[in-house]
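> Sharing a structure here in structure tokens format.
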């Protein structure tokens with residue numbers, strides 16, 4: 001027995017619309033990057049390698065392991081500004097600049113553990129996880 005053509009077409013149209021909506025919600029900077037092993041360096045010499053599926057989480061670096069919601073404030077081809085809030089009252093705002101698809105500059109500030117933070121990070125993709 002064959003399925004009606006309209007039902008199949010409707011499902012496909014819904015899937016395409018969902019993919020378009022997901023792509024539109026992701027900033028242009030992160031559309032040009034990919035997950036993998038990233039090396040994140042701080043100006044004070046601190047360095048850390050992390051494996052991430054989506055580089056957009058780097059915009060909330062101070063709260064990587066927290067449950068946070070992100071709001072895109074500005075979205076340009078090579079820069080994005082993200083504001084995020086996390087459970088427990090933590091929050092932050094990050095300006096992410098795309099240097100290359102494998103290199104980002106992240107200036108971030110906010111509140112973590114009831115104290116302010118502000119620093120600049122260099123992140124570069126160094127391989128697969």
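> Kindly indicate the residue of the range 35-46 that is touching a strand residue (DSSP E or B) at 6+ places or on another chain (Cβ under 7 Å) and either modelled with pLDDT under 95 or not in a strand (DSSP E or B) (or both) and also farthest from residue 112 (Cα to Cα) among those meeting that condition.
35
> A further question on this structure: I'd like to know if the range 121-129 contains one or more residues that are free of Cβ contacts under 8 Å to residues at least 24 places away in the same chain and either touching a strand residue (DSSP E or B) at 6+ places or on another chain (Cβ under 6 Å) or part of a strand (DSSP E or B) (or both). Talk me through it step by step, then tell me what you get.
Quick first cut of the range 121-129, residues free of Cβ contacts under 8 Å to residues at least 24 places away in the same chain only: none.
Taking every residue of the range 121-129 in turn, none turns out to be free of Cβ contacts under 8 Å to residues at least 24 places away in the same chain and either touching a strand residue (DSSP E or B) at 6+ places or on another chain (Cβ under 6 Å) or part of a strand (DSSP E or B) (or both).
> Now for a different question. All but one of (1) more than 12 Å from the chain's Cα centre (by Cα); (2) in a strand (DSSP E or B) hold for residue 95; which doesn't?
(1)
> Could you tell me whether the range 48-61 includes any residue that is over 18 Å from residue 35 (Cβ atoms), over 11 Å from the mean Cα position of the chain (by Cα) and without any contact (Cβ under 8 Å) to a residue 60 or more places away in the chain?
no
> For the range 55-86, what are the residues that are modelled with pLDDT of 95 or more, under 14 Å from residue 101 (Cα atoms) and surrounded by fewer than 15 Cβ atoms within 10 Å (Cβ to Cβ)?
Hit for the range 55-86 is 78, nothing else.
> Tell me, please, whether a residue that is part of a loop (DSSP other than H, G, I, E, B), in contact with a helix residue (DSSP H, G or I) (Cβ under 8 Å, 6 or more places away or on another chain) and either surrounded by fewer than 19 Cβ atoms within 10 Å (Cβ to Cβ) or modelled with pLDDT under 95 (or both) can be found in the range 99-114. Spell out how you get there, then give the answer.
Taking the range 99-114 as the starting set, the residues that turn out to be part of a loop (DSSP other than H, G, I, E, B) are 101-102, 113-114.
Checking which are in contact with a helix residue (DSSP H, G or I) (Cβ under 8 Å, 6 or more places away or on another chain) leaves us with none.
The answer is no; no qualifying residue exists.
> Show the residue pairs meeting these rules: Cβ distance below 9 Å; 6+ apart or different chains; first residue within the range 80-105 and at negative phi and free of Cβ contacts under 8 Å to residues at least 12 places away in the same chain; second residue part of a strand (DSSP E or B) and surrounded by fewer than 17 Cβ atoms within 10 Å (Cβ to Cβ).
From residues that are at negative phi and free of Cβ contacts under 8 Å to residues at least 12 places away in the same chain, the pairs are 99/105; 99/122; 99/124; 100/124.
The values are calculated or read from the model by the stated rules, or taken from the named source; none is laboratory data. Bear in mind that the values here come from a model prediction, so they are computed numbers and not experimental data. Glycine also receives a Cβ, built like all others from the backbone with ideal geometry; neighbour counts cover every protein chain displayed.
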